[in-house]
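Colleague: Handing you this structure, nothing more for now.
The values are calculated or read from the model by the stated rules, or taken from the named source; none is laboratory data. Fair warning: this is a prediction, and the values are worked out from it, not measured in the lab. Ideal geometry is used to build each Cβ from the backbone, glycine not excepted, and the neighbour counts take in all protein chains shown. The protein model used for the area step is the full one, side chains on, heavy atoms only, and it has no ligands, DNA or RNA in it. Shrake-Rupley method; radii C 1.70, N 1.55, O 1.52, S 1.80 Å.
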Amino acid sequence: MSSYNLLYEKWIPVVVGKGAETKLVSIRDVFENASDYLALACDTKAQEFSVLRILLAINHTVFSRFDFEGEVYEYLQVDENYVQLENAVEEEAYLYEDDLENTWLDIWESKKFPQIIFDYLEKWEERFYLFDDKYPFMQVTEKDVRPDLLGNHNPTKISGKNINRLISESGNKISLFSPKNDFGSNKEILKEDEIARWFLTFQGYSGLSDKRAYGTEKYKSSKGWLFDLGGIYLEGTNLFETLMLNTVLYSEENYFLNIQKPAWEYSSEELLKKYLKKNNPLSIAELYTTWSRAIYISPNTNPDEPFSMYIVKLPDIDHGDKFLEPMTIWKLNKNGDYKDKITPKKHPANQAMWRSFGLITVEDHKAEAVRVPGVIAWYKKMSQLIDLPKIKINAISMKDDGNATSWVPVDEIYDYLFVDEVVIKDDEKEGWTPRVNATVEETKFAISVVYKKFLNDIREIRNIESYGFSNRKIEELYYLVDQPFREWISSIEKDDDKDLKILEWRKTLKKIIIREADRIVAEGTNRDFRGIEKNDKTMNIATAYSYFKHFLNKNLIVKEEYND
C-alpha cells in the first residue's frame, strides 16, 4: 500500500505574492515555481531548516551527476542503481570543480531549475511515499523494528502531540498554551502534511528521552545531527535564490568527490546496516538526509485519528572535524571528548547574531572560528564571478532542557542579519569584512568591559554582592544597541567610505551607552553620592561616572569632524 507521495502532495508551506500569503505546495511545485515563491513558511524555523535541507539534498544529488543540459559529467559512470567517479578525477579534481561551478552558474543565470531535476524525481518517485510498506520516505518498515532486533523489546511509541513542537506535550507534562485544544484527542491528530513536516524535523532534533536501541551492545545514540548545529543558511529574494545560495557543489576538502547519495536511494535495511556499522556520512546529500532514529509509521495511518509512530535510536555521527557540514559555525575544543578538534558550535540563547559576526565570516578569528561556514565560503567564491543579491543570513539552533540524560528540545534559537555582499566577500586586510568584525568587537568591548566596569563600581558602592545587577544592565544595553546595529550593518553599501561609516556607528553607540549611564546617575541616591572609601580615596557615583567617560572616550574614539 502506497499513499501520499511528497513529490505531488501539497505539504510544504511557502510565501507567495506581495501580500505575503502562504499556501502548501509539493516538492515538484517548489522546483517548478521556486522563483515565484518568496520563502518557506513552515510552522517553526527549526522545521523550515529541516525541510530546506531535504530540498537541498535533491539539488546536491542531481547536480553532482548531471550538468544544466542533463548530461552526465564525462568522467562519471551513472546507471540505474550505480554512480561512480573514475579514478582519474581524484587526481584532476579541478576538472570536476569547473564543471560543477559552470552548472551552478548556468542554473543561476536561467533563474529556474532545469528538466533534469524532474527526470531524477520521476525516476525515484516510488521512494517519496509518506505511507508505504516497502520504501516509506525517510522511514523503516515494520520488519525493521521487530522486538527480536531490539533485545526483545518493542520500539518506543511517540504521539502526535510529542513531535508537534508547537505543543511539545508528553504524557506527564501538559502544554498550558497549546495552539490545539484536547477535545476528542485533538492534540494527537496530525494531517498528512503536518506528519511529513514534523517527523522530518524530529529526525534532526530528537533528544535522548527515548530508550530503545538496536541489539544488546551499547552505542552512543544520536540526538539529531541538527540538534548540535549553530545552523546557518542564506536567504535570497525568492525561494529559487535561497535554494541556489545554499547549494554548495564543491569545497576545498574534496568531499564532492564522494558520490552524493541521499537516504531515499537506499533501502531501510541497507541504511540500518550502514548506520549500525558506523554512521559516517561522506556526502552532503547523505548528511542532509541522515537518520537519528529508525522511524516506523504505519502505512494504514488515518489522519483523522490520533497519530503515533514508533522509533529506535541510531548511532551518533562523530562531530570532530566534520567539515562536510556547510551550514554551521564552528569552535575549537580545548577539553572534553573532542579536545583539540573542531566541532559545530550552537548559537547562544538570548544573544544577537551580530555578536558572532567573526565566527560567521572571518577565517581564523581568535583561534575559535578557524573556518567560516561552508555556505558563507561558497557565497564568497561565487560572488567573485557574478553579482549576488543582498542576503539575509539566518541562524538557527535548538535549546535543550539542560539534562544530559534526555536533552529534550524545549525552544528554538533564531536570529538573522541583512547584509550586502560586500560585507561578506570583501575580506582583504582593510576590507569590509575585517573592518565590520573589528567594529563588532569594539562594540562588545565598550559594553562588556567599559560599561561593565562602571556597573561594577556602582554595585560596589551600593554593597551589592550579586553580579545580577551588572549582568541585567549589560543585557538591557545590548537590547538597546541591537536594532540600531542591525540597521547600520544592513545600510552598508559597496561604495561607502569605510572610515566614515564606522564613525557613524561609533557615534550612535556612544550616544546610547552614555544615555544609559546618565540614567543610572540620575537615579542615584544620597548613598551613591556619599560613596565609599577605596584605596585611600573616595569612590562615589560621580567619580565612577567620570572614570567611565574617560575610559569610553579612550576606547571609542569619535571625532566630531572627519577630514580625509
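Colleague: Being assigned to a helix (DSSP H, G or I) and of a type in the set (Ser, Thr, Tyr) is the filter; apply it to the range 213-255 and report the residue that is modelled with the highest pLDDT.
Modeller: Within the range 213-255, the subset assigned to a helix (DSSP H, G or I) is 225-228, 239-245, 255.
Applying the additional criterion that residues be of a type in the set (Ser, Thr, Tyr) yields 242, 255.
On the way: Thr242: 97, Tyr255: 84.
Filtering first and then ranking leaves Thr242.
Colleague: Select from the range 179-199 the residues that are modelled with pLDDT under 90, closer than 22 Å to Ala46 by Cα and open to solvent by 30 Å² or more (accessible area, probe 1.4 Å) and write down the one among them that is nearest to the chain's Cα centre (by Cα). Give the steps one after another, and end with the answer.
Modeller: As a first pass, look at the range 179-199 and keep what is modelled with pLDDT under 90: 179-188.
Imposing the further condition that a residue be closer than 22 Å to Ala46 by Cα reduces the set to 179-180, 187-188.
Within this subset, residues satisfying the condition of being open to solvent by 30 Å² or more (accessible area, probe 1.4 Å) are 179-180, 188.
Details: Pro179: 25, Lys180: 28, Glu188: 28 Å.
It comes out as Pro179.
Colleague: Considering the range 143-165 alone, what residues qualify as being of a type in the set (Gly, Ala, Ser) and under 15 Å from Leu276 (Cβ atoms)? Quick ask: steps written out before the conclusion?
Modeller: First, the residues of the range 143-165 that are of a type in the set (Gly, Ala, Ser): 151, 159-160.
Result: Gly151, single match.
Colleague: Also, I was wondering about something else. Residues in the range 309-317: is at least one within 21 Å of the chain's Cα centre (by Cα), of a type outside the set (Gly, Ala, Ser) and within 29 Å of Val375 (Cβ to Cβ)?
Modeller: Step one: list which residues in the range 309-317 are within 21 Å of the chain's Cα centre (by Cα), which gives 316-317.
From what's left, of a type outside the set (Gly, Ala, Ser): 316-317.
This time we only want the ones that are within 29 Å of Val375 (Cβ to Cβ), so: 316-317.
Checked against the condition, which is being within 21 Å of the chain's Cα centre (by Cα), of a type outside the set (Gly, Ala, Ser) and within 29 Å of Val375 (Cβ to Cβ), the range 309-317 yields at least one hit.
Colleague: Can you go through Asp427, Asp387, Asp401 and tell me which one is under 22 Å from Arg355 (Cα atoms) and charged (D, E, K, R)? Don't jump to the end; show me each part of the working.
Modeller: Details: Asp387 fails: under 22 Å from Arg355 (Cα atoms); Asp401 fails: under 22 Å from Arg355 (Cα atoms).
The match here is Asp427.
Colleague: Under 17 Å from Val62 (Cα atoms), without any contact (Cβ under 8 Å) to a residue 40 or more places away in the chain and out of contact with any Lys or Arg (no Cβ under 8 Å at 6 or more places or on another chain): which single residue out of Lys143, Lys123 fits that description?
Modeller: Values: Lys143 fails: under 17 Å from Val62 (Cα atoms).
Every option except Lys123 fails the conditions.
Colleague: Are any of the residues in the range 302-311 touching a Gly at 6+ places or on another chain (Cβ under 8 Å), under 22 Å from Trp198 (Cβ atoms) and open to solvent by 10 Å² or more (accessible area, probe 1.4 Å)? Full working, then the answer.
Modeller: Going residue by residue through the range 302-311, those that are touching a Gly at 6+ places or on another chain (Cβ under 8 Å) are 306-308.
Right, trim to under 22 Å from Trp198 (Cβ atoms) and you get 306-308.
Subset that is open to solvent by 10 Å² or more (accessible area, probe 1.4 Å): 306, 308.
Yes - at least one qualifying residue is present in the range 302-311.
Colleague: Does any residue of the range 374-394 turn out to be open to solvent by 70 Å² or more (accessible area, probe 1.4 Å) and under 20 Å from Phe323 (Cα atoms)? Don't jump to the end; show me each part of the working.
Modeller: Step one: list which residues in the range 374-394 are open to solvent by 70 Å² or more (accessible area, probe 1.4 Å), which gives 381, 384-385, 387, 390.
If we keep only those that are under 20 Å from Phe323 (Cα atoms) too, we end up with 381.
Scanning the range 374-394, I find at least one residue that is open to solvent by 70 Å² or more (accessible area, probe 1.4 Å) and under 20 Å from Phe323 (Cα atoms), so the answer is yes.
Colleague: Kindly establish whether Leu38 is under 17 Å from Glu241 (Cβ atoms), surrounded by fewer than 23 Cβ atoms within 10 Å (Cβ to Cβ) and aliphatic (A, V, I, L, M).
Modeller: Yes: the conditions hold for Leu38.
Colleague: Still on this structure, I have one more. Please go through the range 256-282 and pick out each residue that is at pLDDT 95 or above, under 30 Å from Lys381 (Cα atoms) and aliphatic (A, V, I, L, M).
Modeller: Ala263
Colleague: Looking at this structure, is Lys537 surrounded by fewer than 11 Cβ atoms within 10 Å (Cβ to Cβ) and farther than 30 Å from Ile393 by Cα?
Modeller: Working: surrounded by fewer than 11 Cβ atoms within 10 Å (Cβ to Cβ): yes; farther than 30 Å from Ile393 by Cα: yes.
In short, yes.
Colleague: The conditions are (1) touching a residue at least 12 places away in the same chain (Cβ under 8 Å); (2) out of contact with any Pro (no Cβ under 9 Å at 6 or more places or on another chain), and Gly431 fails exactly one of them. Which is it?
Modeller: In the conditions (1) touching a residue at least 12 places away in the same chain (Cβ under 8 Å); (2) out of contact with any Pro (no Cβ under 9 Å at 6 or more places or on another chain), Gly431 misses (1) alone.
Colleague: On to the next question. Would you check which residues across the range 234-248 are touching a Ser or Thr at 6+ places or on another chain (Cβ under 8 Å) and open to solvent by less than 10 Å² (accessible area, probe 1.4 Å) and list them?
Modeller: Leu234, Leu239, Phe240
Colleague: Here's a follow-up. Name the strands (runs of 3 or more DSSP E) wholly within the range 1-77 that hold at least 1 residues that are within 30 Å of Asp98 (Cα to Cα) and in contact (Cβ under 8 Å) with a residue 40 or more places away in the chain?
Modeller: Numbers: elements: 2-5, 12-16, 21-25, 37-40.
Per the criteria, 37-40.
Colleague: Suppose the filter is assigned to a helix (DSSP H, G or I), of a type in the set (Phe, Trp, Tyr), within 30 Å of the chain's Cα centre (by Cα) and at pLDDT 95 or above; does Phe118 pass it?
Modeller: On the way: assigned to a helix (DSSP H, G or I): yes; of a type in the set (Phe, Trp, Tyr): yes; within 30 Å of the chain's Cα centre (by Cα): yes; at pLDDT 95 or above: yes.
Considered against the rule, which asks whether it is assigned to a helix (DSSP H, G or I), of a type in the set (Phe, Trp, Tyr), within 30 Å of the chain's Cα centre (by Cα) and at pLDDT 95 or above, Phe118 comes out as yes.
Colleague: Look through the range 287-301, keep the residues that are farther than 16 Å from Thr201 by Cβ and open to solvent by less than 20 Å² (accessible area, probe 1.4 Å), and return whichever of them is farthest from the chain's Cα centre (by Cα). Walk me through how you get there before you give the answer.
Modeller: Applying the first criterion (farther than 16 Å from Thr201 by Cβ) to the range 287-301 yields 287, 294, 296, 298-301.
Filter once more, so that each one left must be open to solvent by less than 20 Å² (accessible area, probe 1.4 Å): 287, 294, 299.
Values: Leu287: 14, Ala294: 23, Pro299: 32 Å.
Residue satisfying both the conditions and the ranking: Pro299.
Colleague: Give the residue that is farthest from Thr443 (Cα to Cα), with candidates limited to residues of the range 332-354 that are under 16 Å from the mean Cα position of the chain (by Cα) and surrounded by 18 or more Cβ atoms within 10 Å (Cβ to Cβ).
Modeller: Thr343
Colleague: Can you tell me which residues in the range 128-163 are farther than 20 Å from Pro303 by Cβ, of a type in the set (A, V, I, L, M, F, W, C) and open to solvent by less than 30 Å² (accessible area, probe 1.4 Å)?
Modeller: Val140, Val145, Leu150
Colleague: Taking the residues in the range 105-117 that are out of contact with any helix residue (DSSP H, G or I) (no Cβ under 7 Å at 6 or more places or on another chain) and not charged (D, E, K, R) as candidates, determine which candidate is nearest to Glu71 (Cα to Cα). Break it down into steps so the answer makes sense when it comes.
Modeller: Of all residues in the range 105-117, those out of contact with any helix residue (DSSP H, G or I) (no Cβ under 7 Å at 6 or more places or on another chain) come to 105-106, 109-110, 115.
Filter once more, keeping what is not charged (D, E, K, R): 105, 110, 115.
On the way: Leu105: 16, Ser110: 17, Gln115: 11 Å.
Looking at residues that are out of contact with any helix residue (DSSP H, G or I) (no Cβ under 7 Å at 6 or more places or on another chain) and not charged (D, E, K, R), I get Gln115.
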